[in-house]
Amino acid sequence: MCTRQEINVPEVAIALVSHYALHHIRYLRQRLTLPVIGATGSGKSSFIDIVSGSNLAVCEGLRPCTDTVQAVDAFDLDGRQVVLIDTPGFDDTTLRDTDVLDMIAAFLATSYERGTTLAGVLYFHRISDPRMTGISRKNFGMFRMLCSNRTLQNAVIVTNMWGEVSLQVGDAREAELAKEYFFFEPALDNGARMARHDNTTSSAENIIRLILDNRPLPLRIQEEPVAEGKDISETSAGEQMQSESRQGADRVATKYQQQIKELQNEKVQLLKQIKHRDGFFSKIGGYLDRMFS
Ligand SMILES: Nc1nc2c(ncn2[C@@H]2O[C@H](COP(=O)(O)OP(=O)(O)OP(=O)(O)O)[C@@H](O)[C@H]2O)c(=O)[nH]1
Ligand SMILES: [Mg+2]
């Protein structure tokens, strides 16, 4: 048994300090990888360009711009290496939602296999949107599917395009988005944060600083396919997508069944009219025959 005199205090202290220093150096060297997610046109690529100095395609037109998942070169922020990943929006008109999800899942699963866990996720929402439309809800729903409740502490909901609305209107929308159960409230309740972006480099850097010191955690979509050997269609996100497609297909089927019913009714009415008209003409024919015979 060791007595107090036998412990070499300076040696233990040095060992402890070196252990923590090594741990800290390893932590500082770890790259912070952050996917940027949100509806098409919500400003994802612009944000990445402004903060990383990259030159991603940013489009002024109405068409969706980014059509692949792409990591930009690492850049330095407060001595840490940060890598941002650009993604297409889920409401992209040229890509199916399942294609977008497949791309994101494949990219993130490959990075997870190579040892990259994500420092967090940035979700983009335009404060200038006057309504939380079905498309915004779908995009946010997919973001929720990508993150488990545990990883939401590493997520930031970024609102931008503040210059497009009066501050009063923007404030009111932000408050509503934050307190409504159907909008961002459950995510915020589970540790996600909301931040305003004013389209400047310093505001983008401050947003990334919100998750700079967080412990990187794998996203649900990374854990599920890799750790559990699942196919993408079997993950929560994939199941949500399939269920939405099924609901969509059911809605279309119901609509067409209704239209078929209406057409059948119209056909019955038309046949009745034809029968009535035929009767009328045969009556007239009878009169004419009798008149001229
Ligand atoms: N006012 C304002 N406009 C912005 C901001 N960020 C982006 N924009 C504009 O919004 C449009 C779309 O920006 P993008 O960065 O291409 O949006 P995206 O989310 O990458 O779009 P997709 O690639 O189609 O998914 C462009 O015209 C940008 O100049 C912002 O913070 N404020
Ligand atoms: Mg883009």
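How many of the residues making up the stretch 69-100 are within 16 Å of ligand 2 (Cβ to nearest atom) and among the aliphatic types (A, V, I, L, M)?
Going through the stretch 69-100 one residue at a time, the tally reaches 7.
Taking GLU244, is it in the same structural domain as ASN160 (by TED's automatic domain parsing), modelled with pLDDT under 80 and of a type in the set (Asp, Glu)?
For GLU244, the condition - in the same structural domain as ASN160 (by TED's automatic domain parsing), modelled with pLDDT under 80 and of a type in the set (Asp, Glu) - is not met.
Taking the stretch 50-68, which residues are more than 8 Å from ligand 2 (Cβ to nearest atom) and crowded, with 20+ Cβ neighbours inside 10 Å?
VAL51, SER52
Name every residue in the stretch 94-145 that is of a type in the set (Ser, Thr, Tyr) and more than 30 Å from ARG80 (Cα to Cα), in order of residue number.
Result: THR94, THR98, SER128, THR133, SER136.
Looking for whichever is within 16 Å of ligand 1 (Cβ to nearest atom), within 17 Å of GLY41 (Cα to Cα) and in the same structural domain as GLY41 (by TED's automatic domain parsing) here; the options are SER128, SER202, SER166. Which one fits?
None of the others qualify; the one that does is SER128.
Could you go through the stretch 25-46 and let me know if any residue there is farther than 24 Å from ALA204 by Cβ and at pLDDT below 70.
Yes, that holds for at least one residue.
Quick one: in the stretch 78-107, of everything that is crowded, with 17+ Cβ neighbours inside 10 Å, away from ligand 1 (no atom under 14 Å from the Cβ) and over 14 Å from the mean Cα position of the chain (by Cα), which residue is nearest to LEU56 (Cα to Cα)?
The selected residue is VAL83.
So, ASN214, is that one touching a residue at least 12 places away in the same chain (Cβ under 8 Å), more than 17 Å from ILE127 (Cα to Cα) and touching a strand residue (DSSP E or B) at 6+ places or on another chain (Cβ under 9 Å) or not?
yes
The values are calculated or read from the model by the stated rules, or taken from the named source; none is laboratory data. Everything numeric here is computed off the predicted structure, so don't read it as measured data. Here Cβ is always computed from backbone atoms with ideal geometry, including for glycine, and neighbour counts include all displayed protein chains.
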